[in-house]
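In what follows, a single structure is set out as structure tokens and then discussed.
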Amino acid sequence: MQKNGMQPHTSEVSKSFQQAALSGDANAQFELGTAYALGRGVPADPVIGYTWLTLAFANGDRQAESSIRQLTQQLTQSQIAQIRWNVGEMYANGIGVRPDKMTAYMWHLLAELAGDKRSSVAKSQLAATMTSDERSEASARASQWLRRHHK
């Protein structure tokens with residue numbers, strides 16, 4: 001299992017499909033996110049589903065946006081914090097996306113604002129590898145993200 005908990009845990013989802021999602025294939029990420037969101041072939045898990053849909057959208061799969069909007073309405077604040085943590089970790093470690101410490105920092109900042117306690121430590125670890133300009137840019141991106149999203 002991946003340390004971020006994003007690797008599927010059922011044999012009904014093929015290994016090659018899982019690997020494609022972990023490697024950054026937006027279509028595989030969309031399909032995996034949809035499978036988790038709806039419980040198709042895997043246990044239903046809106047947090048894992050939303051995380052994969054977010055990465056699918058970031059990797060260019062535009063159909064993920066409507067699924068994300070539908071799922072958002074069903075999530076608790078705690079689930080939102082967990083999703084943001086997951087996305088931050090995936091960007092920090094290059095799982096499903098190219099490693100990007102500024103984007104990871106942004107997602108950890110968003111997770112922290114949503115109440116995720118672990119994100120403070122993750123953010124500090126990332127900050128140690130970033131310039132003050134990079135930290136400022138990541139914070140500005142987080143502010144922009146919050147202005148565009150209501151939840």
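The values are calculated or read from the model by the stated rules, or taken from the named source; none is laboratory data. This is a predicted model, so every value here is computed, not measured. Every residue, glycine as well, gets a Cβ built from its backbone with ideal geometry; the counts of neighbours run over all protein chains shown. Surface areas here come from the heavy atoms of the whole protein model, side chains and all, with no ligands, DNA or RNA. Shrake-Rupley method; radii C 1.70, N 1.55, O 1.52, S 1.80 Å.
For the residue pair D133 and S66, what label-to-label distance in nm results when each label sits 7 Å from Cα along the Cα-to-beta-carbon direction?
Using points 7 Å along Cα→Cβ, the separation is 4.2 nm.
Going toward the positive end of the dipole of the range 2-151, with +1 on Lys and Arg Cβ and -1 on Asp and Glu Cβ, which of G96, W52, L113 do you reach last?
L113
On average, how much accessible surface per residue is there in the chain, in Å², for a 1.4 Å probe, leaving out ligands, DNA and RNA?
Here the residues of the chain average 52 Å² of exposed surface.
Calculate what fraction, in whole %, of the accessible area of the chain sits on carbon and sulfur atoms when a 1.4 Å probe is rolled over the protein chains.
Carbon plus sulfur share of accessible area: 48 percent.
Take every Cα pair under 8 Å in the chain that's 6+ residues apart, average their separations, divide by the length, and report that relative contact order as a whole percent.
Dividing the mean separation by the residue count of the chain yields 17 percent.
Give me the Debye-computed log₁₀ of I(q)/I(0) at q = 0.10, 0.17 Å⁻¹ for the chain, equal point scatterers on Cα only, no solvent, two decimals.
Log-scaled intensity ratios, in q order: -0.32, -0.93.
With an 8 Å cut-off on Cα pairs and a minimum separation of 6 or more residues, tell me the relative contact order of the range 66-112 in percent.
Across the range 66-112, relative contact order equals 35 percent.
What residue among K123, K101, K15 shows peak mean-square fluctuation when the chain is described by a Gaussian network model with Cα springs under 10 Å?
K15
May I ask you to evaluate 6.51 cos²θ - 1.76 cosθ + 1.60, the Karplus curve with θ = phi - 60°, for each residue of the range 83-89 and list the ³J(HN,Hα) values in order in whole Hz, giving x for glycine and proline?
So the Karplus estimates, Gly and Pro as x, are 4, 4, 4, 4, 5, x, 5 Hz.
With charges set only on the Cβ (+1 for Lys and Arg, -1 for Asp and Glu), what does the dipole of the range 67-151 come to about its Cα centre, in debye to the nearest 20? It would help to have the intermediate numbers written out before the result.
Values: 12 positive and 7 negative charges, 54 e Å.
Dipole magnitude for the range 67-151 comes out near 260 debye.
Could you work out the helix-only [θ] at 222 nm for the chain, with each DSSP H run of four or more residues adding -39,500 (n - 2.57) and the total divided by the number of residues, to the nearest 500 deg cm²/dmol?
-21000 deg cm²/dmol
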